[in-house]
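The values are calculated or read from the model by the stated rules, or taken from the named source; none is laboratory data. This one's a predicted model, so the numbers in the text were calculated from it and none came from an experiment. Ligands, DNA and RNA are stripped out before the accessible areas are found, and what is left, the full protein with its side chains, is counted by its heavy atoms. Shrake-Rupley method; radii C 1.70, N 1.55, O 1.52, S 1.80 Å.
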Amino acid sequence: MIEGLNTAEAQEKLSVFGFNELPSAKPKSIWRIALEVMKEPMFILLISCGVLYILLGDYREGIILLSAIFVIIFITFYQYQKTEKALEALKKLSSPRALVIRDGKEMRIPGREVVPDDIIILNEGDRIAADAKVLDTINLTVDESLLTGESLAVRKNLYSDSSDTHGIVFSGTLVIQGKGFAKVFATGTKTQFGKIGICLQSIDEDETRLQKEMKVLIKNLFLIAIFISIGIIATFYFTRGYFIQALLNGLAAAMSILPEEFPVILTVFLALGAWRLSRKNVLTRKPSAIETLGSATVLCSDKTGTITQNKMEIATIYDGQEIVTAKDTSLTQGYPAIS
C-alpha cells in the first residue's frame, strides 16, 4: 500500500508552497476603467467644458456634456464585467479535482489543494492536477495534446529519471486509459503548464492598428483645435473684452473641430462586436482581440508540430485557379514558412 501525506503535513506544505493554481490578473475596478476612458484628449476637453458650464451656472449644457462620458464608461464597464464573470465561471468549471491518499485513505480534494509529495490516484477520465512521478501503472495512457500539441496519446511507465518524460505525468493533461499512482513534485507555477502561463502573462499588449490611427487623427485635430481656439479667444477678448465669454467661445470652437463622437463610435462598435462574438460562445475582453477576430479572413491551423517544433510550414497553396505545392519554389515565391 502506497502511503501518502497526513493532514498536518499537507497543511504545512500548503502554507509553504501555496495553492496549486496560476496567478490571475486582478480585475479592473470601475475607477481604473473610467480613468482609461478619460485619458483620451477629447474626453479631457469634454470634461473641461462640462465643468466650466456648471461653474458658470449653465447646468443643462454641463450635464449633457458630462452624461456622454458616463454612458461610454458604463458600456465599457458592463462589457468588461460580463466577460470577467464568464471567465471566472469557466475557471471554476475547469478546475480539476484530484483523488489523493491522505491519512492512509483515498479522498477527493480540489485540485488547488494538491501539494508536493501528495500521492495522486489516476483513473480514466481524470484531469491531472499537478506534475508527478509515476510510481505504479496499469496500462496508463495520457493525452498530452494540451501541453505538447501531439495528437497521439502517450503510454506511461514507472519513473526512472528526470530525462524520461514517459515516467512523468503533467498538470492539465488527461488520462484516457488505465490506472496509476503518482507522487507530486511540482504544483502551481512550478509545473510545465504553469511555466507557460507565466510566459503568457509577460507578453505586452500592443495597440491595435485602429487605435494607433485614431490617436494620430485625434492628435492632429487636437493641435489644430488649440491654434484655432487660441486665435478665437484672443480675437474675441481684444475686440469685446469679456475673457470668460471668449474662453467659452474658444472651447466651443475646439470641440466642434475635435469630434467627441470618435470614442463613442469606437466603444459602441467594439461592444457590439464583443456581444455578437459572445452569442457564438467566444469570450473577448480586449479591444485588440475583437479587432483581430473581426478582420480575420483566413484561419490557419495545424494538428501537430506547431507547438512541439515552434514551426508551421505552407505545404499547399490554392489561389482560386490552381493548387500549388511547396516543392514548386518558382510558384510559391513570396509565401515563406511561418514560424
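At-a-glance table
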{"read-out": "Accessible surface, segment 110-244, averaged per residue in Å² (probe 1.4 Å)", "value": "57 Å²"}
{"read-out": "Subset of LYS85/LYS183; LYS195/LYS280; LYS13/LYS133; LYS13/LYS179 violating a 23 Å alpha-carbon distance limit", "value": "LYS85/LYS183; LYS195/LYS280; LYS13/LYS179"}
{"read-out": "Cut-off under 5 Å, modelled amide H: who pairs with GLN177 long-range", "value": "GLY125, THR141"}
{"read-out": "Stretch gain in nm, segment GLN11-MET214, where the contour uses 0.36 nm per residue and the Cα spacing is subtracted", "value": "67.7 nm"}
{"read-out": "Phi-based couplings in Hz for segment 140-156 (Karplus 6.51, -1.76, 1.60; Gly and Pro marked x)", "value": "6, 10, 10, 8, 10, 4, 4, 9, 9, x, 6, 7, 7, 5, 10, 7, 9"}
{"read-out": "For segment 103-156, convex hull of alpha carbons as volume per residue, Å³", "value": "108 Å³"}
{"read-out": "Per-residue ³J(HN,Hα) for segment 99-108, Karplus 6.51 cos²θ - 1.76 cosθ + 1.60, θ = phi - 60°, Hz, x for Gly and Pro", "value": "9, 10, 9, 10, 6, x, 9, 6, 8, 9"}
{"read-out": "Full-extension gain in nm, ILE314 to THR292, via 0.36 nm per residue minus C-alpha separation", "value": "5.7 nm"}
{"read-out": "Potential lengthening between TYR78 and LEU223 on full extension [0.36 nm per residue; Cα-Cα distance subtracted]", "value": "48.9 nm"}
{"read-out": "Percent carbon-and-sulfur accessible area, segment 116-191, ignoring ligands, DNA and RNA, probe 1.4 Å", "value": "50 percent"}
